[in-house]
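So the structure is just underneath, and the comments pick up after that.
The values are calculated or read from the model by the stated rules, or taken from the named source; none is laboratory data. These figures come from a predicted structure and were not determined experimentally. Please note: Cβ atoms are built from the backbone with ideal geometry, for glycine as well, and neighbour counts cover all protein chains shown.
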Amino acid sequence: MVRPSTPPPQSTPPQAVNVSPPTPEVTRKLEESRLRAKDLRSQREAAARAAGTELPVAKSSSGFVDTEDVHVVAPGKRSLRKRPYESITQSHVPETNRDARSPAKRQDVGSSSGGNGGNEGSSVPRAANKKFARFVDYNFSAMTDTKGGFLSTEDDPFNKNLSAGGSGPGQGPGGNPDEPQRPKHMTEAEWERMQLLRKLQKQKAGPFEPGLSAIADKAERKKCRECGNLEIDWVWEEVFGCCVCGGCKEKLPEKYSLLTKTECREDYLITDPELRDKDLLPHLSRPNPHKTHWHDMMLFLRYQVEEYAFGQKWGSAEALDAEFARREAAKKKRKEDKFRDRLLDLKKKTRADAFRRGSGSLGGGDARFGDALAAGGAVKKHVHEWGRAVVDEAGMSTKTCVSCGMEVEEFEL
């Protein structure tokens with residue numbers, strides 16, 4: 001017994017139905033029928049226009065009306081009216097479409113309510129709030145959609161990779177005008193090689209390091225001033241005029257450490273014009289470690305700064321200490337005087353009436369603050385009898401007059 005299988009085997013293979021093409025006679029009849037129907041429709045439209053009536057709107061079987069926005073396609077392979085290509089592209093997207101990927105113009109939210117200066121229908125996006133400018137790195141509402149998952153040079157002007165393709169210094173889009181830019185005729189590998197050579201030339205390292213000649217005179221050879229080593233730091237020799245090797249710089253930080261401009265100004269009391277004079281105090285420029293767009297650091301050699309401060313400017317270390325103590329005392333005195341002036345102003349503002357009474361400028365008479373007036377207008381001198389000082393919860397000391405009840409506060413300076 002043969003068990004049935006799923007699906008059951010077909011007895012005969014299916015054969016494709018061969019449809020013969022229409023004969024010329026059939027084609028001629030179809031064309032005549034089409035032209036006849038077209039002629040009849042033209043006659044009906046002309047009669048309706050002459051009578052001034054409107055033709056009934058053609059509807060589909062489902063009740064849809066064929067318009068410019070709604071395209072009704074007839075069933076079958078040969079449709080009566082196909083949908084145009086422009087209707088399925090993204091060039092004409094209706095405003096009701098909420099697809100964020102569509103390039104439809106975004107209307108300003110506040111344009112209809114007058115928040116955009118009354119420009120209804122304006123396509124200009126509203127400006128971002130300044131409060132959030134320091135928290136937002138990229139404003140996605142104002143960026144260009146590149147369809148590739150990357151930012152353009154206009155949207156990311158501080159990207160070094162995007163700004164490295166300029167044609168000259170400062171010509172790259174978003175590049176720093178102080179930094180050299182890669183020429184157009186140079187490849188990326190050639191540009192990196194040139195940058196490396198410039199860095200080595202600036203540091204006097206690699207192929208640009210001065211050679212050590214055994215034939216040269218010993219007097220002309222540059223040696224370390226501490227140990228006599230021939231392998232000195234050529235950058236320091238060029239900038240500071242100091243011949244010292246790397247080992248001695250690490251062993252003697254009290255002489256060969258680098259000082260910033262702030263340390264020289266505060267510790268050695270050297271002014272800015274003196275620090276900017278390269279003939280007086282040479283300095284080494286380095287990028288600022290805190291902010292890259294700030295000015296470069298000015299680094300000075302410690303022993304050169306001490307020689308100038310102790311020798312030419314102040315004379316000795318004791319004189320520098322005395323000048324530092326004098327300035328600190330003057331600073332403290334100015335601070336105390338400022339505090340007293342502010343305290344006096346506070347007293348004048350809070351007790352202006354009492355101050356005027358005490359000075360006799362209130363009332364224009366001979367009476368002073370605290371005097372007792374008799375019934376006939378005579379002035380009776382009153383002498384306050386202050387009681388014991390009482391300290392309240394706030395720590396303020398207060399005295400009260402036994403006879404008149406006047407209270408005064410005491411301040412200890």
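A few points about this structure:
- Pairs with Cβ under 9 Å, 6+ apart, first in the stretch 391-413 and closer than 21 Å to residue 339 by Cα, second among the basic types (Lys, Arg) and exposed (fewer than 12 other Cβ atoms within 10 Å of the Cβ): 413/340
- Some residue of the stretch 181-188 being at pLDDT 75 or above, farther than 29 Å from residue 295 by Cβ and in a helix (DSSP H, G or I): yes
- Residues of the stretch 383-413 classified as closer than 28 Å to residue 335 by Cα and not in a strand (DSSP E or B), total: 6
- Among residues of the stretch 277-293, those that are among the basic types (Lys, Arg) and out of contact with any Asp or Glu (no Cβ under 8 Å at 6 or more places or on another chain), counted: 2
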